[in-house]
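J.: Take a look at the following structure, please.
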Amino acid sequence: MKSCIRIGTRHSQLALWQSNYIARLVQERYPECEVRLQKITTTGDKILDRSLAKIGGKGLFTKELEQELLDGTIDLAVHSLKDMPTQLPANLCMTAITARTSPYDVLVSKKYPHFAALPQGAVLGTSSLRRQAQLLAARPDLQLVNLRGNVDTRLRKLDEGHLDGIILAEAGLTRLGHADRIGEVLLPSLCLPAVGQGALALETRIDNTEIRQLLAFINDADTAYATTAERAFLGLVNGGCQVPMGIFGQVHGELLHVDAVIASLDGKKVIRDSIDGPKTDCQQLGLTLGRRMLDRGGREILAAIL
């Protein structure tokens, strides 16, 4: 057995929390093994003055870690699953997906505890086209402004008083001890989450069979079924770019239920649909739902954006 496992991680507080969480799981399982974190700066960490959509979307927070994997300087990389492109580099694979915590988005505001309480023309900060499109569909009067940076940076910008509220992932806030800042958890009927939101992905080299076997205990089967459907949908719709779509799969016993939305950036055109089937058919369920929604007008919505 390996005497040391090297984990690649981004520098942000949230990324370090996630990587330390995985490190603890590994050390509890294999107490004789040393675990080291190797901090790596990604493109998404360097460029903070432009929206994610304008600088390339998916892959911005993963490709430098993936290069370290391919070079053999780390044994695994820990990612937020929602940051993972649907197509991985040759020779790399997702070895495990953790059990999902909350997949939902939340409103954080110093003045307005609920989304419905936001005044006409309220200014909300978010870096996500997905959130923008869905929130404008519900409230076309809102002003959505680009908000980049780590969780603490975004909270500070809110506290400076330039925004009426910000929209963040509940999982990230909770992991960093900011659950007390949550005003309202946004229901999926208002804002469906991003693909894989709330789950972590462990990426390794395909040929590193020892590491893959060591990490297999971390994989949560039901989360893997649900997110496989979500990622199949995203890959069909437009796998590599930030697009205004949300999707959420839930396993109930042996069945998988998936809800999805595709919306125009201004929220004026919205297509929602859902599908049910055996969880073992997760890949096909995601593809079937995606084809159905593209045929119902999703293709035209995306063509106007991309």
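J.: Checking V251 against (1) in the same structural domain as E64 (by TED's automatic domain parsing); (2) aliphatic (A, V, I, L, M); (3) farther than 30 Å from D71 by Cβ, which test does it fail?
T.: (1)
J.: Residues that are touching a Phe, Trp or Tyr at 6+ places or on another chain (Cβ under 8 Å) and surrounded by fewer than 18 Cβ atoms within 10 Å (Cβ to Cβ): does the range 259-271 have at least one?
T.: So the first thing to find is which residues in the range 259-271 are touching a Phe, Trp or Tyr at 6+ places or on another chain (Cβ under 8 Å), and the list is 259-260.
From what's left, surrounded by fewer than 18 Cβ atoms within 10 Å (Cβ to Cβ): none.
Scanning the range 259-271 turns up no residue that is touching a Phe, Trp or Tyr at 6+ places or on another chain (Cβ under 8 Å) and surrounded by fewer than 18 Cβ atoms within 10 Å (Cβ to Cβ).
J.: Separate question: Of a type in the set (D, E, K, R) and touching a Phe, Trp or Tyr at 6+ places or on another chain (Cβ under 6 Å): which single residue out of R175, R231 fits that description?
T.: On the way: R231 fails: touching a Phe, Trp or Tyr at 6+ places or on another chain (Cβ under 6 Å).
Of R175, R231, the one residue that is of a type in the set (D, E, K, R) and touching a Phe, Trp or Tyr at 6+ places or on another chain (Cβ under 6 Å) is R175.
J.: Let me ask something additional. As an exercise: evaluate R130 against (1) surrounded by 24 or more Cβ atoms within 10 Å (Cβ to Cβ); (2) over 30 Å from I218 (Cβ atoms) and give the number of the one condition it does not meet.
T.: Evaluating R130 over (1) surrounded by 24 or more Cβ atoms within 10 Å (Cβ to Cβ); (2) over 30 Å from I218 (Cβ atoms) leaves (2) as the failure.
J.: Can you go through L306, L255 and tell me which one is touching a residue at least 40 places away in the same chain (Cβ under 8 Å) and surrounded by fewer than 17 Cβ atoms within 10 Å (Cβ to Cβ)? Can you show your working first?
T.: On the way: L255 fails: touching a residue at least 40 places away in the same chain (Cβ under 8 Å).
Checking each option against the conditions leaves just L306.
J.: Now for a different question. Of these, V195, V270, which one is under 16 Å from the mean Cα position of the chain (by Cα), under 21 Å from L144 (Cβ atoms) and among the β-branched types (V, I, T)? So that I can check it myself, show each step before the final result.
T.: Values: V270 fails: under 16 Å from the mean Cα position of the chain (by Cα).
So the residue among V195, V270 that is under 16 Å from the mean Cα position of the chain (by Cα), under 21 Å from L144 (Cβ atoms) and among the β-branched types (V, I, T) is V195.
J.: From the list L147, L173, L200, which one is hydrophobic (A, V, I, L, M, F, W, C), in contact with a strand residue (DSSP E or B) (Cβ under 8 Å, 6 or more places away or on another chain) and under 30 Å from T73 (Cβ atoms)?
T.: Details: L147 fails: under 30 Å from T73 (Cβ atoms); L173 fails: under 30 Å from T73 (Cβ atoms).
Going through L147, L173, L200 in turn, the sole match is L200.
J.: A further question on this structure: State all residues of the range 163-201 that are surrounded by 23 or more Cβ atoms within 10 Å (Cβ to Cβ) and part of a loop (DSSP other than H, G, I, E, B); if no residue qualifies, say none.
T.: Of everything in the range 163-201, those that are surrounded by 23 or more Cβ atoms within 10 Å (Cβ to Cβ) and part of a loop (DSSP other than H, G, I, E, B) turn out to be C191, L192, P193, A194, V195, G196, Q197, G198, A199.
J.: Also, quick follow-up: So, A137, is that one under 20 Å from the mean Cα position of the chain (by Cα), of a type in the set (A, V, I, L, M, F, W, C) and under 24 Å from V195 (Cα atoms) or not? Even if it seems obvious, please write down each step before you answer.
T.: Details: under 20 Å from the mean Cα position of the chain (by Cα): no; of a type in the set (A, V, I, L, M, F, W, C): yes; under 24 Å from V195 (Cα atoms): yes.
For A137, the condition - under 20 Å from the mean Cα position of the chain (by Cα), of a type in the set (A, V, I, L, M, F, W, C) and under 24 Å from V195 (Cα atoms) - is not met.
J.: Here's another thing I want to ask about it. Considering (1) under 25 Å from V237 (Cα atoms); (2) surrounded by fewer than 18 Cβ atoms within 10 Å (Cβ to Cβ); (3) in contact (Cβ under 8 Å) with a residue 40 or more places away in the chain, say which one A90 fails and leave the rest.
T.: (3)
J.: If I filter the range 202-213 for residues that are part of a helix (DSSP H, G or I) and crowded, with 21+ Cβ neighbours inside 10 Å, do I get at least one hit?
T.: Going through the range 202-213, the residues part of a helix (DSSP H, G or I) turn out to be 209-213.
Keeping just the survivors that are crowded, with 21+ Cβ neighbours inside 10 Å gives none.
No: zero hits.
J.: Could you tell me how many of the residues in the range 272-286 are crowded, with 18+ Cβ neighbours inside 10 Å and either assigned to a helix (DSSP H, G or I) or in the same structural domain as A137 (by TED's automatic domain parsing) (or both)? Steps first, answer last, please.
T.: The first filter runs over the range 272-286 and keeps only residues crowded, with 18+ Cβ neighbours inside 10 Å, leaving 275, 279, 282, 285-286.
Narrowing the set further to residues that are either assigned to a helix (DSSP H, G or I) or in the same structural domain as A137 (by TED's automatic domain parsing) (or both) leaves 279, 282, 285-286.
Qualifying residue count for the region: 4.
J.: Here's a follow-up. Scanning for something within 17 Å of the chain's Cα centre (by Cα) and among the hydrophobic types (A, V, I, L, M, F, W, C), does the range 213-220 turn up at least one residue?
T.: No - not one qualifying residue is present in the range 213-220.
J.: Might you check whether a residue that is surrounded by 14 or more Cβ atoms within 10 Å (Cβ to Cβ), hydroxyl-bearing (S, T, Y) and either on the phi > 0 side of the Ramachandran plot or assigned to a helix (DSSP H, G or I) (or both) occurs anywhere in the range 4-17? Explain how you work it out, then say what you get.
T.: Step one: filter the range 4-17 for residues surrounded by 14 or more Cβ atoms within 10 Å (Cβ to Cβ), giving 5-10, 12-17.
Pick out the ones that are also hydroxyl-bearing (S, T, Y) and you get 9, 12.
Retained after the next criterion (residues that are either on the phi > 0 side of the Ramachandran plot or assigned to a helix (DSSP H, G or I) (or both)): none.
Checked the range 4-17: no residue is surrounded by 14 or more Cβ atoms within 10 Å (Cβ to Cβ), hydroxyl-bearing (S, T, Y) and either on the phi > 0 side of the Ramachandran plot or assigned to a helix (DSSP H, G or I) (or both).
J.: Right, here's the next one. Which is more than 17 Å from G198 (Cβ to Cβ), modelled with pLDDT of 95 or more and surrounded by 14 or more Cβ atoms within 10 Å (Cβ to Cβ), of V106, V35, V78? Spell out how you get there, then give the answer.
T.: Values: V106 fails: more than 17 Å from G198 (Cβ to Cβ); V78 fails: more than 17 Å from G198 (Cβ to Cβ).
One residue alone meets the criteria, V35.
The values are calculated or read from the model by the stated rules, or taken from the named source; none is laboratory data. None of the values given here were measured: they were computed from a predicted structure. Cβ sites come from the backbone with ideal geometry, for glycine too, and all protein chains shown count toward neighbours.
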